[in-house]
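Accompanying notes for the structure given below.
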Amino acid sequence: MTTPHAKGGMADSAPIIVVGSGIAGLSAALAAVHGDDARGIPPSDVLILTTAGLEESNTLHAQGGIAAAIFPDDSPDLHTHDTIAAGDGLCDPTAVDILTHEGAERIRELLDRGVHFDKDQSGKPRRGLEAAHSRPRVLHAGGDATGRIVELDICRMIRDHPRITILEDTAVRDVIVKDGAVEGVRVTDVPSGRTRIIPGRRVVLATGGAGRMFPFTTNPVLATGSGVGIGLRAGAQVMDLEFYQFHPTALALGEHFLISEAVRGEGAHLVDERGNRYMPSVDPRAELAPRDVVARENYRRIMAQNGRPVFLDTSGIAAQQGLGHNKHALADFLADRFPTIDGYLRAHGIEWSDDPVPITPAAHYWMGGLRTDTHARTSVPGLYAAGECARTGVHGANRLASNSLLEGLVFGHRAGLAAADDPANRGWDDGRDDDAHGCILDHGNDGIEVGTIDDPTHAAPSTAMGGMTPPPTNPDESLRDLMWTGVGVLRDADGLGSAREGLRRLAATIPTDTALADTALAAYACATAALARTESRGAHARTDHPRTDPLQARSRAYVLQGAPR
Ligand code: SIN
């Protein structure tokens, strides 16, 4: 149902559709239903669509904390400085300033609303120092269960809100675009497999990450890259897809559970299979060198050991904490400081105060994603993106630890308000050039080069016999192997080229209307971007181009060939 709207579009009485229920989606929903009186933004109704239950999300599994410059010896400007330094030349300083300034505001709001962050004895938020932060500014909740506690606390606010409708077990298959603007989403009811269209002219994609493109990942099963796949098919620009952060320390067994960087922060060491510590000979910061440096070294050592894992040894924690050789004291410390990791390892038979923990690098966080302006607007009118599936410009080529939940919180909020402020989704049509109403992506004058990606899911390769290429027995496993071998921690032109070709052939065998087709498209786009960047920068490490090239110090955007414009 639509009514004419003053900006020249049609006002939309349908709720804002939020796809995903991690911190970015929840933040968008809360912002939209509250509106902003001071800015004259009215509250809107919201419909949240989520593939599983509301609480299930990447955020729920996040052990790490949230960085926020809320302490007297800190400032958002210092936080900006650290974030830009980590981003290796590709951060958007305006977006980073928004992240750090509004991040502090958003965190204070969560504290006021009673979110259970860890506090010290005087009741003030407890804070930690992490690698590459110049101040201790990382808040935790439940020790190493920050994501879980924040997610559950915010979900309670969401479930209680009368203007929010939640549709669980509902997978979004497509964003429908007509005449260059969003018209709704096509969804599948997961239990029945039935598909239907939900109309709406304002859609926020907050679908999370894409770690499941790789065989080793810290991400949960829903992190399939669907947001990037769906957004590309809807005609949205993507940016910085070549930058994928690999976490150095995931458990080398089972589901590759994350062993937080904070464990190394407390003094744990990395050792090879003979028990030799190696990081001090690689970097003066040893185990606390930047994440990409440690991940690369772990990967090299594992390759040199014919694929057998390296280990995390907690005896260094005993030394750093002054516990001597008392194993019980170390066991108590680990259980108290890292309850989630401790519980997981014990449940899997690893007594980590005694046994070295087998470790592998694992896909952790995608810096790239759907390109947005500072109001979370993509290049498609009516389509917004926030959280890990978005590329806001705050991470550049490498994300500073504990900035991801913050990004979801800040830019999810902005997405919700931008959608609520734009009932007809046509804010950028009005010709005003102020930041609040002019979508930078539409102006095309920011000097960003926009390349095209051919759509591998529409290719129809034939065999020498003239038939369709048969699908491999296990296409998702083939996809992950191609990504790890060619588009993983260390890359070169040969590996990237053959992974890309393999992905193209594989994608052509996958039925287009499936979640795996979106993952294949996202993976293919990632490989394409990585092949094009002939330098090493941040998390993108090319062994054939080991140096950073100052001439490539800019982000690159892509659109899908043949997608609606
Ligand atoms: C970690 O705790 O090591 C992960 C946190 C993050 O990725 O920011």
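Values in this text are rule-based calculations from the coordinates and carry no lab data. Being a predicted model, the structure only gives us computed values, none of them experimental. Quick reminder, even Gly has a Cβ in these numbers, built from the backbone with ideal geometry, and neighbours come from all protein chains shown.
List of remarks:
- Two-decimal Rg/Rh across the stretch 95-161, once Rg and the Kirkwood Rh are taken from alpha-carbon atoms: 0.99
- For the chain, the relative contact order comes to 21 percent (Cα pairs under 8 Å, sequence separation of at least 6).
- Counting every alpha-carbon pair across the stretch 1-144, the share separated by more than 26 Å comes to 40%.
- For peptides 249-259, 387-397, 106-116, sequence by mean Cβ density within 10 Å, most packed first: 387-397, 249-259, 106-116
- Residue by residue, the stretch 349-363 carries 3J(HN,Hα) couplings of x, 10, 9, 6, 6, 10, 8, x, 9, x, 10, 9, x, 8, 4 Hz when phi is fed to the Karplus relation 6.51 cos²θ - 1.76 cosθ + 1.60 (θ = phi - 60°); x denotes Gly or Pro.
- Counting other Cβ atoms within 10 Å as a rough exposure proxy, the listed residues 169, 292, 97, 73 run 73, 169, 97, 292 from fewest neighbours to most.
- Going from the residue with the fewest nearby Cβ atoms within 10 Å to the one with the most, 330, 479 rank 330, 479.
- Amide H contacts of residue 369: 239, 241, 391, each under 5 Å away and 5 or more positions distant or on a separate chain (H built 1.01 Å from N in the peptide plane; Pro and chain starts excluded).
- Among 484, 366, a tally of other beta-carbon atoms within 10 Å of each Cβ gives an order, fewest to most, of 484, 366.
- For residue 141, nonlocal amide neighbours, meaning residues 5 or more places apart or on other chains whose placed amide H falls under 5 Å from its own, are 118, 146.
- Label zone (residue 305, point 7 Å along Cα-to-C-beta; backbone nitrogen cut-off 14 Å) within the stretch 236-266: 249-253.
- DSSP beta bridges in the chain [antiparallel fraction, %, rounded to 5]: 65
- Isotropically averaged projected area of the chain, using the convex hull of Cα atoms (one quarter of hull area), nm²: 26.5
- Summing charges over neighbours of residue 52, with a neighbour being any other residue whose Cβ is under 12 Å away from its Cβ, gives -4 when K and R count +1 and D and E count -1.
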